[in-house]
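Read through the structure below, which is laid out as structure tokens, and then see the notes.
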Amino acid sequence: MPHKFNADRRDKIPKQRHRVTNWAEYNEGLRRRGDLTVWISEDALALWSAPRRTTRGGQPHYS
């Protein structure tokens, strides 16, 4: 029963439509799939620091 429970609503992995011939390029594409590159300007980094605190306690920088 546990293996068949909600079987019709579970996600199905579709069959591959094309045959992979260049495995090195395919594997590299899978590796790059989750890569996220973010460019931050120097001006944005200069404005990143928090203003000085006027009361006691707390961290003056964002974590």
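Residues of the range 34-59 falling in the label zone of Val20, defined by backbone nitrogen less than 19 Å from a point 7 Å along Cα to beta-carbon, are 34-35.
Before I look further, what does the chain give for accessible area per residue, probe 1.4 Å, in whole square angstrom? Per residue, the chain has an accessible area of 118 Å².
To the nearest 500 deg cm²/dmol, what mean residue ellipticity at 222 nm is calculated for the chain from DSSP H runs of n ≥ 4 alone, each contributing -39,500 (n - 2.57), summed and divided by the residues?
-6000 deg cm²/dmol
Compared with the dominant principal axis of the Cα atoms in the chain, helix 23-32 is inclined by about 30°. For the chain, with all protein chains in place and a probe radius of 1.4 Å, 54% of the accessible heavy-atom surface sits on carbon or sulfur. Between Lys12 and Thr37, the FRET efficiency from the beta-carbon distance, with R0 = 30 Å, is close to 0.40.
The values are calculated or read from the model by the stated rules, or taken from the named source; none is laboratory data. Values in this document were obtained by computation on a predicted structure and should not be read as measured data. With ideal geometry, Cβ positions are generated from the backbone for all residues, glycine too; neighbour counts draw on all protein chains shown. Quick note on the areas: whole protein, heavy atoms, side chains included, nothing else; ligands and nucleic acids left out. Shrake-Rupley method; radii C 1.70, N 1.55, O 1.52, S 1.80 Å.
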